[in-house]
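See structure below.
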Amino acid sequence: MAPTEDAAAATLAPPPPPPPPHFVIVPMVAQGHTIPMVDLARLLAQRGARVSLVTTPVNGARLRGVAAQATRAKLALDIVELPFPTDIAGLPPGIENVDQVTDHSHFVPLFAALRKLAEPLEAHLRSLPPPRRPSCLISDWCNGWTAAVSARLGIPRLFFHGPPCFYSLCDINAIDHGLHEQTAAARDDKEKFVVPGMPVHVEVTKATAPGFLNSPGWEAQWAECVDAMRTSDGAVVNTFADLEAQFLACYEAALGKPVWALGPFCLANRGDAEATASRGNAPGVARQSAVTAWLDAQSTDDSVVFVNFGSLVRKLPKHLFEVGHGLEDSGVPFVWVVKESEAAAPDVEEWLAALEARVAGRGLVMRGWAPQLAVLSHRAVGGFVTHCGWNSLLEAIAHGVPVATWPHFADQFLNERLVVDVLGVGVPVGVAEAPVMIFGDESAPVVAREDVARAVVALMGDGEEAGERRRKAKEYGEKAHRAMEKGGSSYESLTQLIESFRQSAGGEKKAKDGTVHAWSALKEQKKIDSRCNGSTDAEA
């Protein structure tokens, strides 16, 4: 019997298009880690990928606004909440996020609880029907426990590392060349060590050497994370080629795996006022109205300095008083963010009220969370005093805002070196090179009000050096936006990432052989030579 016309037409019809790749993203439960990975999720979803953000109930409550925004924008982005373990000794009930911790003794139990999410995550991924099966798992560097899950399920896994490539290159070189053992055996905290394998000269001390989770008591956690890095299929970083081309290429070479530079992630929110205001915290929308009205009232562009020290460090009153007096003495208009926990003491609140009265119209003190991205993007803001977390630094760079650097711990001292010594967009406050504890550290160095005022005046001044910092910051800001536009380096790198994990109609993953990465591309252009082997050329 001859085939019918319908059967013939069906035979000739093209196969259905393959389903979009499904990226499962597992952030570290800390605001500074979650925010960029949420931005990454938006970027992937905006380009047609399906994205699942994995979290826990307490953290999921913070992300429901993200899911609602994605639904309104018709993006395939959903929140997966895994049950949080309740049987962890030493961890008070309700703590599911680093930002909720109020005692150093809670950190190790919190990480122990997070490792127990492996079983429910694996069960969830196994339960997904074929069209929804994950194409790739992207987990925070600190979530080393995800490596075993992806291995058992046969899912490719990338890790996301939050700091810049400059820091990550220092870190992997420190691991590969035994720098950690050398600094641990240092005679004193002032002894300096050269980080090997860097294309620029970098010195560290015992206190400022690179490394996450590598302090005493964290040996097993650190080893798991390093092993997960080694066994990954590559890395995703929040930077862009025109900012860190040299360090990006050298990092990919040292890692021996592809590295996708997709940033600045914060520009995923451009054009979306609600997402910009609520980034990291839903109540930020209301707060933005107040701070925007105050900034709108400033008649001069680039005249206000913004002061914010991130979500973790709690400064003691003696530190707050010096900051406030320094800002007052500088004579520069300012917006200063003070955490609610810092302002809770009656004497601090009384002092802040008196300060506000003295600087009325020139200074604004914000208590609690601030819509930082909205502030940095305002035309009145011309400088930023920051703790040197990479999210904050990159947000400033993306908006052409120079910085005064005040590092506290972890990667922040090396981040300072990048923006001050290499990029030339920062002026140091002059904090002693010693990390501080997160909660009320009595041993933390007190930065005098004179140093605060000096740094602010230098940052916001009219001199040649200040003008050059502003020029470089504006130039990098323009390059950041170009990187994210169609045809830009980060846009094209995101295209390559998505295509690398796209499935064919038959369900098979596409080979990654055709993907062009930073190392191979730059090598072909002859932009990399011996600079990854310790040259002192300071060009980035």
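Name the long-range amide H neighbours of TRP260: under 5 Å, sequence gap of 5 or more, or other chain; modelled H, no Pro or chain starts.
ALA235, VAL236, VAL237
When the dipole is taken about the Cα centre of the chain, and only Lys, Arg (+1) and Asp, Glu (-1) are charged at their Cβ, what size is it in debye, to the nearest 20?
Rounded to the nearest 20 debye, it is 1420 debye.
Please compute the modelled spin-label separation between GLN182 and LYS474, points set 7 Å along Cα→Cβ, answer in nm with one decimal.
Rounded to a tenth, the inter-label distance reads 4.2 nm.
Could you tell me the calculated FRET efficiency between GLU464 and ARG358, based on Cβ-Cβ distance and R0 = 41 angstrom, to the nearest 0.05?
FRET efficiency, GLU464 to ARG358: 0.80.
Per Stokes-Einstein, at 20 °C and 1.002 mPa s, what whole-number D in µm² s⁻¹ belongs to segment 14-173, with the Kirkwood radius over Cα pairs as the hydrodynamic radius?
On the way: Rh = 16.6 Å.
Reported coefficient: 129 µm²/s.
Could you list which residues have their amide H under 5 Å from that of VAL338, counting only those 5 or more apart in sequence or on another chain, with H placed in the peptide plane?
MET366, ARG367, GLY368
What's the long-distance tail for the chain, i.e. % of Cα pairs beyond 32 Å? Can you show the working numbers first?
Working: 64471 of 145530 pairs.
For the chain, the share of Cα pairs beyond 32 Å comes to 44 percent.
Report, as a whole number in µm² per second, the diffusion coefficient that Stokes-Einstein gives for segment 337-410 at 4 °C and 1.567 mPa s using the Kirkwood radius over alpha carbon pairs.
Approximately 94 µm²/s, per Stokes-Einstein.
Counting only residues 5 or more places away or on other chains, whose amide H sits under 5 Å from the amide H of LYS116 once H atoms are built in the peptide plane?
Excluding prolines and chain starts, which carry no amide H, there are no hits.
Please quote Rg/Rh for segment 66-124 to two decimal places, taking the Kirkwood radius as Rh and restricting both calculations to Cα atoms.
Values: Rg = 14.7 Å, Rh = 13.4 Å.
Taking Rg over the Kirkwood Rh, I get 1.10.
How much mean residue ellipticity at 222 nm does the chain get from its helices, if each DSSP H run of length 4 or more adds -39500 (n - 2.57) and you divide by all residues, to the nearest 500 deg cm²/dmol?
Here the helix-only value at 222 nm equals -13000 deg cm²/dmol.
Between ASP87 and VAL58, with labels modelled 7 Å along Cα→Cβ, what's the label distance in nm to one decimal, could you check?
2.0
Distance in nm between label sites at ARG132 and SER341, each 7 Å beyond Cα in the beta-carbon direction?
3.7
If you average 1/r over all unlike Cα pairs in segment 299-357 and invert the result, what Kirkwood radius do you get in angstrom?
Values: mean 1/r = 0.0813 Å⁻¹.
In segment 299-357 this quantity evaluates to 12.3 Å.
Local charge sum around ALA354 (other residues, Cβ-Cβ under 14 Å, Lys/Arg +1, Asp/Glu -1)?
Net charge around ALA354: -4.
What percentage of all Cα-Cα pairs in segment 207-254 are separated by more than 15 Å?
Looking at segment 207-254, the distances longer than 15 Å represent 60 percent of pairs.
Which is farthest toward the positive dipole end of the chain among PRO19, GLY60, ALA123, measuring Cα position about the Cα centre, with Cβ charges +1 (Lys, Arg) and -1 (Asp, Glu)?
Of the listed residues, the answer is PRO19.
Rule-based calculations on the coordinates, nothing more; no lab input. In this text, all values refer to a predicted model and were calculated from it rather than measured experimentally. Cβ coordinates were reconstructed from backbone atoms using ideal geometry, including for glycine residues, and neighbour counts include every protein chain displayed.
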